[in-house]
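Q: Handing you a structure now.
The values are calculated or read from the model by the stated rules, or taken from the named source; none is laboratory data. Only a predicted model underlies this, so the values are computations on that prediction, with no experimental measurement involved. Cβ coordinates were reconstructed from backbone atoms using ideal geometry, including for glycine residues, and neighbour counts include every protein chain displayed. Surface areas here come from the heavy atoms of the whole protein model, side chains and all, with no ligands, DNA or RNA. Shrake-Rupley method; radii C 1.70, N 1.55, O 1.52, S 1.80 Å.
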Amino acid sequence: MHRKVTPYLFLAPHLLFFIVFLVVPVFYGIYISLHNWNYLTEPEFVGLENYQRLLWMPRSIEFQEFWNAFGNTLFFVVLTVPLLIVIPLMLALGVNTDVRGRNWFRSIFFIPTMFSVATIVLIWVWILDTNAGVVNYYLDQAIPWLSNTPWVWVSLVVITVWWTVGTNMILFLAGLQDIPDHLYEAAWIDGANAWQRFVHVTLPGLSGPFTFITIMTTVASFNVFGQPHMATQGGPGTETEVLMMLIRKTAFSDFQMGSASAMALIMAVFLLVISYIQFRFHTRTDSR
């Protein structure tokens with residue numbers, strides 16, 4: 001009896017937080033998405049009307065705002081995810097060698113991840129300021145990094161990559177240190193050059209970290225909020241307004257909780273599908 005109960009006692013604290021902070025909000029969000037609710041009145045049941053306006057009514061304002069924000073979010077994901085995989089991998093390969101000062105480089109690359117998004121954005125807003133920014137001073141130009149396209153996207157990508165690249169570098173570094181040295185020695189004895197050792201030893205050895213980093217980076221990029229909210233306020237116009245900004249505005253400025261919950265759930269379903277496709281792609285590649 002004691003042995004049967006003990007595992008559940010270890011699981012209980014996490015299970016409690018999982019239910020309170022994930023399961024309950026999800027089901028409450030589904031409930032709210034089927035109602036019209038503005039905080040002041042009782043929720044009015046409307047069935048799938050909120051989803052219908054977002055998915056099948058092109059002339060509705062909700063439809064246009066939602067798909068504009070969805071497109072902006074997807075564009076941000078396409079721009080950042082490849083960079084947040086390739087650059088950390090290159091950095092991890094660099095600091096995994098016996099180069100002098102490698103611990104110093106590891107710290108330098110990882111330090112930005114320790115700051116909050118507010119701190120990071122304020123630093124870059126100062127650096128990229130059109131009139132008084134350091135970048136424009138040395139370029140001797142007046143580039144509107146935070147107010148005009150395409151510069152706003154360049155700025156958001158640079159801010160995000162600089163801020164988060166250290167986390168993925170550490171994950172890749174841990175994966176590299178788990179690859180047995182005798183595999184590299186066997187490849188070297190067989191005459192493999194550096195590129196062939198990278199392709200046939202390093203990349204297969206990093207398959208696990210690759211899957212995890214790709215999925216988690218994609219999910220994190222879809223949830224982007226702080227960078228565009230503070231750096232561009234979604235501008236110019238709504239060209240950098242992402243889904244999380246629109247959901248917040250709809251819920252807490254327009255007081256349309258039902259529509260905001262429907263947006264969040266559509267985004268969650270899309271993320272689940274994307275994550276499943278990425279997981280299946282990586283596991284199928286590994287099995288070959």
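Q: If you roll a 1.4 angstrom probe over the protein chains with everything in place, what fraction of the accessible area of the chain belongs to carbon and sulfur, to the nearest %? Each step should come with its number before you reach the end.
A: Values: 12090 of 17520 Å².
Exposed carbon and sulfur together represent 69 percent of the surface.
Q: What residue among Thr41, Thr160, Thr218 shows peak mean-square fluctuation when the chain is described by a Gaussian network model with Cα springs under 10 Å?
A: Thr41
Q: Now for a different question. May I ask for the angle, rounded to the nearest 10°, between helix 61-95 and the longest principal axis of the chain, with both axes built from Cα atoms and the value confined to 0 to 90°?
A: Helix 61-95 sits at roughly 10 degrees to that axis.
Q: So, one more: Which far-off residues, 5 or more places away or on another chain, put their amide H under 5 Å from the one on Val46, with H placed in the peptide plane?
A: Amide H neighbours of Val46: His35, Asn36.
Q: Could you work out the relative contact order of segment 23-161, using alpha carbon pairs under 8 angstrom and six or more residues apart, expressed as a whole percent? Please report the intermediate quantities before stating the final value.
A: On the way: 86 pairs, mean separation 17.6, N = 139.
Relative contact order here is 13 percent.
Q: Taking only Cα atoms, what is the 0 to 90° angle, nearest 10, from helix 243-252's long axis to the longest principal axis of the chain?
A: Roughly 30 degrees between the two axes.
Q: Something else now. Under a 1.4 angstrom probe, counting protein chains only, how are Tyr31, Tyr137, Tyr184 ranked by accessible area, largest first?
A: Details: Tyr31 105, Tyr137 165, Tyr184 60 Å².
In descending accessible area the options line up as Tyr137, Tyr31, Tyr184.
Q: Now for a different question. Could you state the accessible area per residue of segment 213-288 in Å², with a 1.4 Å probe and every protein chain left in place?
A: Values: 3690 Å² over 76 residues.
Here the residues of segment 213-288 average 49 Å² of exposed surface.
Q: Okay, next question. Hey, in the GNM for the chain with a 10 angstrom Cα cutoff, which one of Ser259, Ser107, Ser155 fluctuates hardest?
A: The residue with the greatest mean-square fluctuation here is Ser107.
Q: Here's another thing I want to ask about it. With a 1.4 Å probe and all protein chains kept in place, how do Phe252, Phe10, Phe76 rank by accessible area, largest first?
A: Numbers: Phe252 135, Phe10 165, Phe76 5 Å².
Result, largest first: Phe10, Phe252, Phe76.
Q: Can I ask one more? Could you tell me how many degrees, from 0 to 90 and to the nearest 10, lie between the Cα long axis of helix 117-127 and the main elongation axis, the longest principal axis, of the Cα atoms of the chain?
A: Once rounded, the angle reads 80 degrees.
Q: Here's something else I'd like to know. Taking only C-alpha pairs under 8 Å that are 6+ residues apart, what is the relative contact order of the chain in percent?
A: Working: 301 pairs, mean separation 78.4, N = 288.
Taking the mean separation of contacting Cα pairs over the length of the chain, I get 27 percent.
Q: Nearest 20 debye, what's the magnitude of the dipole of the chain about its Cα centre given +1 on Lys and Arg Cβ and -1 on Asp and Glu Cβ?
A: Working: 13 positive and 16 negative charges, 132 e Å.
Around 640 debye, computed over the chain.
Q: Highest GNM mean-square fluctuation, the chain, Cα pairs closer than 10 Å: which of His182, His200, His14?
A: Of His182, His200, His14, the most mobile in the Gaussian network model is His14.
Q: Accessible area of Asp190, 1.4 Å probe, to the nearest 10 Å²?
A: Counting only protein heavy atoms, Asp190 exposes about 130 Å² to solvent.
Q: Ordering Lys249, Lys4 from largest to smallest accessible area (1.4 angstrom probe), what's the sequence? Intermediate results must be reported in sequence, preceding the final value.
A: Working: Lys249 55, Lys4 145 Å².
The ranking, largest first, comes out as Lys4, Lys249.
Q: Return the calculated 222 nm mean residue ellipticity for the chain, to the nearest 500 deg cm²/dmol, obtained by summing -39500 (n - 2.57) across DSSP H runs with n ≥ 4 and dividing by the residue count. Please list the in-between numbers first.
A: On the way: 14 runs with 199 residues, N = 288.
Per the formula, -22500 deg cm²/dmol.
Q: So if each residue of separation counts as 0.36 nm, and I subtract the Cα-Cα distance between Phe27 and Phe198, what length gain in nm does that give? Present the calculation step by step, with values, prior to reporting the outcome.
A: Values: separation 171, 0.36 × 171 = 61.56 nm, distance 4.60 nm.
Extending this stretch completely gives an extra 57.0 nm.
Q: Same structure again: What is the calculated FRET efficiency for Ala268 to Leu15, with r their C-beta to C-beta distance and R₀ = 30 Å, to the nearest 0.05?
A: On the way: r = 21 Å, r/R0 = 0.70.
Efficiency at R0 = 30 Å is approximately 0.90.
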